[in-house]
Amino acid sequence: MRPLLILFIVMPILEMWVLISVGQQIGALPTIGLVLLTAVVGLALLRRQGISTVMRAQQKMQAGEMPAREMAEGIFLAVGGALLLTPGFVTDAIGFACLIPGLRQLILGKLLSRVVVIQTSSYGRYTGAGQHPGQGPQPDRQPGAHDVIEGDYEREDRKDRD
């Protein structure tokens, strides 16, 4: 919690310092123009990357795979888009890092190497590698043991058919 508090105090101060420094070098109007330009370019890049990520996620879901990487990319794209809409060059740099595919893949590769995805089968059997979190290996259940299948039935008597 403390790093976030420090981040919310330090980032605006850093942004103001960079904006004032750039404004002193090139002037106020060109600085405002650059901030608006980065927002427009960032939104165009966000749209293109977002559509690409959604298409890959749909392909994985249709193939029966879990689109974990694409979901993480979606979060990165949302954060990057929000940072690009925030006025300032420091947040724009971080936002572009979230939107540029090569940098995003590098950052996601580092983060996702620490994440474990757990998936269970329809019988409650653990299908991931290693042990189930907080427990030992899950025992295999026989299909049909304690399963409830809901449905409707209609009784047909032979007399009714004639």
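Name the single residue that is surrounded by the most Cβ atoms within 10 Å (Cβ to Cβ) among those in segment 1-47 being more than 20 Å from Ala97 (Cβ to Cβ) and of a type in the set (Gly, Ala, Ser). Within segment 1-47, the match that is surrounded by the most Cβ atoms within 10 Å (Cβ to Cβ) is Gly23. Being over 21 Å from Leu34 (Cα atoms), surrounded by fewer than 14 Cβ atoms within 10 Å (Cβ to Cβ) and either charged (D, E, K, R) or modelled with pLDDT under 85 (or both) is a property that does not hold for Glu70.
Would you check if there is a residue in segment 48-57 being free of Cβ contacts under 8 Å to residues at least 60 places away in the same chain and more than 22 Å from Gly74 (Cβ to Cβ)? Break it down into steps so the answer makes sense when it comes.
First, pick out the residues of segment 48-57 that are free of Cβ contacts under 8 Å to residues at least 60 places away in the same chain: 48-57.
Adding the requirement that they be more than 22 Å from Gly74 (Cβ to Cβ) leaves none.
No; the residues of segment 48-57 include none that is free of Cβ contacts under 8 Å to residues at least 60 places away in the same chain and more than 22 Å from Gly74 (Cβ to Cβ).
Yes/no matrix, rows are residues, columns are (1) within 30 Å of Ile9 (Cα to Cα); (2) modelled with pLDDT of 90 or more; (3) loosely packed, with under 12 Cβ neighbours inside 10 Å:
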residue	(1), (2), (3)
Gln49	no, no, no
Leu85	yes, no, no
Thr91	yes, yes, no
Cys98	yes, no, no
Gly136	no, no, yes
Arg141	no, no, no
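Within segment 100-123, restricting attention to residues that are outside any loop (DSSP other than H, G, I, E, B) and among the aliphatic types (A, V, I, L, M), the residue that is modelled with the lowest pLDDT is Leu112.
Right, Leu37: touching a helix residue (DSSP H, G or I) at 6+ places or on another chain (Cβ under 7 Å) and modelled with pLDDT under 95 or not? No; evaluated as a whole, the condition is false for this residue. Do we find that Gly64 is out of contact with any helix residue (DSSP H, G or I) (no Cβ under 6 Å at 6 or more places or on another chain) and at pLDDT 90 or above in this structure? When the stated conditions are applied, Gly64 does not pass them.
The values are calculated or read from the model by the stated rules, or taken from the named source; none is laboratory data. Values in this document were obtained by computation on a predicted structure and should not be read as measured data. FYI the Cβ positions are ideal-geometry reconstructions off the backbone, even for glycines, and counts take in every protein chain you see.
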